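Supplied in structure tokens, the structure appears directly below.
The values are calculated or read from the model by the stated rules, or taken from the named source; none is laboratory data. Nothing here was measured: the structure is a model prediction, and the numbers come from that model. As a convention, Cβ positions derive from the backbone with ideal geometry for all residues, glycine included, and neighbour counts pool all protein chains shown.
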Amino acid sequence: MFRTGLNADLTSRHYLPTGSPKEEAEHSHDYRVEVIVSGDVLDSRGYLVDIDLLRSMLSSVLGRYEGRCLNELPDFSSGPPSLENLSRQIHDRLRAGLDGREVSIAVRVWEDREAWASYEGPPG
């Protein structure tokens, strides 16, 4: 199994209406987003996925959320912008960009130095 990954930063705001009193108020996070692509087959260049393509895709996806209040975005109309739901949204948008490739994508979103949540979907 091959793995290719990268990290990026994201700053955005959210609130969790059913969270603790601290989480119910709108607040900001400096997230760290980690993406790992896994698969068994390399392309003719010896790549699992072109890291420049992955970097560009991740930058585009995170640009959607940068500086925004996540609660105001349609991405979170069916569920609150928890770490779990944010990692799933980022995953699904990256998956769409890698459609047709037999790879798994895992996305881990760090809220701070200790706390994170992740989502990994099935291979595409």
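Mind telling me which of the residues L70, L86 ends up being within 16 Å of E120 (Cα to Cα), crowded, with 18+ Cβ neighbours inside 10 Å and either without any contact (Cβ under 8 Å) to a residue 60 or more places away in the chain or among the aliphatic types (A, V, I, L, M) (or both)?
L86
Looking only at residues that are more than 16 Å from G124 (Cα to Cα) and either surrounded by 10 or more Cβ atoms within 10 Å (Cβ to Cβ) or among the aliphatic types (A, V, I, L, M) (or both) in the range 34-49, which one is modelled with the highest pLDDT?
Here the answer is E34.
Could I ask something else about it? Got a number for residues in the range 51-67 being surrounded by 13 or more Cβ atoms within 10 Å (Cβ to Cβ) and more than 18 Å from H29 (Cβ to Cβ)?
4
Let me ask something additional. Which pairs have Cβ atoms under 9 Å, sit 6 or more apart or on different chains, and link a residue in the range 11-29 that is closer than 11 Å to C69 by Cβ to one that is in a loop (DSSP other than H, G, I, E, B) and of a type in the set (G, A, S)?
Close Cβ pairs satisfying both conditions: S12/G67; R13/G67; H14/S82; Y15/A25.
Looking only at the range 16-33, count how many residues are hydroxyl-bearing (S, T, Y) and crowded, with 16+ Cβ neighbours inside 10 Å. Don't jump to the end; show me each part of the working.
So the first thing to find is which residues in the range 16-33 are hydroxyl-bearing (S, T, Y), and the list is 18, 20, 28, 31.
Now narrow it down to the ones that are crowded, with 16+ Cβ neighbours inside 10 Å: 31.
So the count comes out to 1.
Still on this structure, I have one more. Taking the range 66-124, which residues are assigned to a strand (DSSP E or B) and among the β-branched types (V, I, T)?
Passing the criteria: I105, V107, V109.
Sort out which residues of the range 89-101 are modelled with pLDDT of 95 or more and either of a type in the set (D, E) or surrounded by fewer than 16 Cβ atoms within 10 Å (Cβ to Cβ) (or both), and write them in order of number.
D92
While we're looking at this one, here's another question. Being part of a helix (DSSP H, G or I), over 14 Å from V107 (Cβ atoms), out of contact with any Phe, Trp or Tyr (no Cβ under 7 Å at 6 or more places or on another chain) and modelled with pLDDT of 95 or more is the requirement here; does S28 meet it?
Spelling it out, it is not the case that S28 is part of a helix (DSSP H, G or I), over 14 Å from V107 (Cβ atoms), out of contact with any Phe, Trp or Tyr (no Cβ under 7 Å at 6 or more places or on another chain) and modelled with pLDDT of 95 or more.
Another question, if that's okay. Which residues, taken from the range 102-124, are out of contact with any His (no Cβ under 8 Å at 6 or more places or on another chain), surrounded by fewer than 17 Cβ atoms within 10 Å (Cβ to Cβ) and of a type in the set (D, E, K, R)?
Matches in the range 102-124: E102, R113, E114.
Check the range 80-89 and report whether any residue there is closer than 21 Å to G5 by Cβ and of a type in the set (G, A, S).
yes
So which residues in the range 36-60 are in a strand (DSSP E or B) and in contact with a Gly (Cβ under 6 Å, 6 or more places away or on another chain)?
Matches in the range 36-60: I36 only.
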